[in-house]
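Presented below is the structure to which this report refers.
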Amino acid sequence: SDFDGVNEFANKMKEFTEPIRCISFNPFDERNIDKWEVAMETFHYNLKDAESFSLSCIEKAFQKLRSAGKAFAFVENYIRGNYRPSLDKRMNERYNNILERYFDELNDLEKEFSHDKEHPPVSNSSLPTSGAIEWADILYQQGKKPMIQFSKCENLISSSVGKEAKERYLAFARNVDQYKNDLVNTWVSRAHEVLKELCNPILASKVNNQTSSE
């Protein structure tokens, strides 16, 4: 699954902290100072191994995560709360990777919208206008969801790449909104024309009837 790397990371952290959490002596008793020093030496030795493992785990996870949103959630929910200073640089690099992936996803959405907007893939059970609006809104939400996630991270969204991503998203969102508004306006205009065509014969008939009766 997308989060196998997360599970692997969590299991490693549990294994790493187990000796400290489960020590069999009182660390606050001065008579156990030698035991405590041995335990801490082991802890710091394992810490370096855990950091190395964490970096490997992060790389594996990013290779498997299929969307920018999931990659962002991985960093924020599972790594950011547990990282060591030595992992900070790698985490910032991951943010750049997340935005690069979002650019790719946004490119795909823009291409799909541009290619299909004249003849959107509407199901047989949907009316043409409402179906087209629904299709456009699905694309819009796919671009919007990751951006909402990104906006909660100041470091990401305030970077130069983050600002560029936001501008690209807003341009895409404006195009989709204009498309949906145009569809609604066209539908309303056609509905008025149809109503006029339906009402004119009725009004004409009433006028003729009144004229005849006079």
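The values are calculated or read from the model by the stated rules, or taken from the named source; none is laboratory data. Keep in mind the model is a prediction, meaning the values are calculated, not measured. Methodologically, a virtual Cβ is constructed for each residue, glycine included, from the backbone with ideal geometry; neighbour enumeration extends over all protein chains shown. In case anyone asks, the SASA skips ligands and DNA or RNA and just uses the protein heavy atoms, side chains included. Shrake-Rupley method; radii C 1.70, N 1.55, O 1.52, S 1.80 Å.
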(request) Mind putting a number on the dipole of the range 20-59 about its Cα centre? Charges go on the C-beta only, +1 for Lys and Arg and -1 for Asp and Glu, and I need it in Debye to the nearest 20. (result) 140 debye
(request) Starting from the amide H of Ser126, placed 1.01 Å from N in the peptide plane, find each other amide H under 5 Å away whose residue is 5 or more places distant or on another chain. (result) none
(message) Checking the table Lys48/Lys163; Lys48/Lys144; Lys117/Lys144 against a 30 Å threshold on Cα-Cα, which pairs fail?
(response) Lys48/Lys163; Lys48/Lys144
(message) Using 0.36 nm times the number of residues separating Asp137 and Glu51, minus their current alpha carbon distance, what extension gain do you get?
(response) 26.7 nm
(request) Send over a whole-number figure in Å² for the accessible area per residue of the range 147-190, probe 1.4 Å. (result) 64 Å²
(request) Identify the residues of the range 122-153 with backbone N under 13 Å of a label point that sits 7 angstrom from the Cα of Ala173 along the Cα-to-Cβ direction, or state none. (result) 140-152
(request) Could you look at the range 87-175 and say what percent of its accessible area is carbon and sulfur, using a 1.4 Å probe and all protein chains? (result) 48 percent
(message) Please list, in order along the range 18-28, the HN-Hα scalar couplings obtained from phi with the Karplus expression 6.51 cos²θ - 1.76 cosθ + 1.60 (θ = phi - 60°), rounded to whole Hz, x for Gly and Pro.
(response) 4, x, 6, 6, 10, 5, 9, 9, 7, x, 8
(request) Give me the distance in nm between label points sitting 7 Å out from Cα along the Cα-to-Cβ direction at Lys60 and Lys196, one decimal. (result) 6.9 nm
